[in-house]
1. Inspect segment 64-73 for any residue being over 25 Å from residue 206 (Cβ atoms), crowded, with 18+ Cβ neighbours inside 10 Å and modelled with pLDDT of 95 or more and give the result as yes or no.
2. Can you find a residue in segment 57-68 that is part of a loop (DSSP other than H, G, I, E, B) and in contact with a Lys or Arg (Cβ under 9 Å, 6 or more places away or on another chain)?
3. Within the set of pairs 6 or more residues apart or between chains, which connect a residue that is among the hydroxyl-bearing types (Ser, Thr, Tyr) inside segment 34-55 to a residue that is surrounded by 16 or more Cβ atoms within 10 Å (Cβ to Cβ) with Cβ atoms less than 8 Å apart?
4. Quick one: in segment 184-202, which of the residues that are crowded, with 20+ Cβ neighbours inside 10 Å and assigned to a helix (DSSP H, G or I) is farthest from ligand 1 (Cβ to nearest atom)?
5. Can you find even one residue in segment 147-166 that is in contact with a Lys or Arg (Cβ under 6 Å, 6 or more places away or on another chain) and not in a loop (DSSP other than H, G, I, E, B)?
6. Can you tell which of 81, 97 is touching a residue at least 12 places away in the same chain (Cβ under 8 Å), part of a helix (DSSP H, G or I) and surrounded by 17 or more Cβ atoms within 10 Å (Cβ to Cβ)?
7. For segment 115-138, how many residues meet the condition of being in the same structural domain as residue 22 (by TED's automatic domain parsing), part of a loop (DSSP other than H, G, I, E, B) and either farther than 28 Å from residue 30 by Cβ or without any contact (Cβ under 8 Å) to a residue 40 or more places away in the chain (or both)?
8. If only one of 198, 216 is modelled with pLDDT under 95 and within 30 Å of residue 4 (Cβ to Cβ), which one is it?
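The values are calculated or read from the model by the stated rules, or taken from the named source; none is laboratory data. All of these numbers come straight from a predicted model, not from anything done at the bench. Reconstructed Cβ throughout: ideal geometry from the backbone, glycine too, with neighbour counts over all protein chains shown.
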Amino acid sequence: MEALAAAARARGLALRGAFHPGPADGAPPDTGTLILLGPDEPRFWPLFAASPEAADGAAHPLDRWSKREIGALAVAWRGTARFPSDGPPWPPFLHWAQRSGRAFPSPLGLLVHDTAGLLISYRGALALPQRLPLPEPPEAPCPSCEHQPCTTTCPVGALRAGAPYDVAACQRHLHSDAGAECRDRGCLARRACPLSQNLHRQDAQAAFHMAAFVKNWSGKEGGQA
Ligand code: SF4
Ligand code: SF4
């Protein structure tokens, strides 16, 4: 697993979890180990920004970058790659995240990761034929999180404990002058998680994702992120 982690890191990616799938997990046939990959932040953003996909002006540059980089890893490791953008039917990345034992339901209803916090994202997965040894899973972080700052930070209450994500309220804020902090630096509630701060996410990366979120929703009152 160390060699794979190093090969991923060289491509701006980090291993965010792995498990041995069973028949009900929706993994490709004959997968021995399914490995989830996310951006290796903050190193990832300058690598992506210098890529051909970021410069060519075509649609979906980050999805295309992910397919090239993770596709190359899959070839080198004699496996196959799956991506969140493959579908329909969409691969069950949220199920895989929880099966990895490293992502857990948070009070907001979003998944929280043991090292990437609420900023966890998955760029793709590697399905390898061999059954690799896996480390012991970590403890879920939220039960021991004293003040649970993720639940009280959103300035418009769009993300709070025990309530569904109010996407419309979030988007109204993002379209207002007051929403500049979220637009330019990323979701305040997700950033408030102490684990999210491990990533040191670059503002340019946060703004890229927020711009896509705002653009995809424009005109869709009540739409889903
Ligand atoms: S982006 Fe801002 S307004 Fe939207 S949920 Fe996050 S903190 Fe709230
Ligand atoms: S702030 Fe605390 S409660 Fe909220 S997701 Fe992070 S660890 Fe869990």
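1. Yes, the conditions are met somewhere in segment 64-73.
2. Of the residues in segment 57-68, the ones part of a loop (DSSP other than H, G, I, E, B) are 57-60.
After this cut, where a residue has to be in contact with a Lys or Arg (Cβ under 9 Å, 6 or more places away or on another chain) as well, the list is 58.
Yes.
3. 51/61; 51/65
4. 199
5. The first filter runs over segment 147-166 and keeps only residues in contact with a Lys or Arg (Cβ under 6 Å, 6 or more places away or on another chain), leaving 151.
Right, trim to not in a loop (DSSP other than H, G, I, E, B) and you get 151.
Yes - at least one qualifying residue is present in segment 147-166.
6. Working: 81 fails: part of a helix (DSSP H, G or I).
97 is the lone residue from the list that is touching a residue at least 12 places away in the same chain (Cβ under 8 Å), part of a helix (DSSP H, G or I) and surrounded by 17 or more Cβ atoms within 10 Å (Cβ to Cβ).
7. 4
8. Within the list 198, 216, the selection yields 198.
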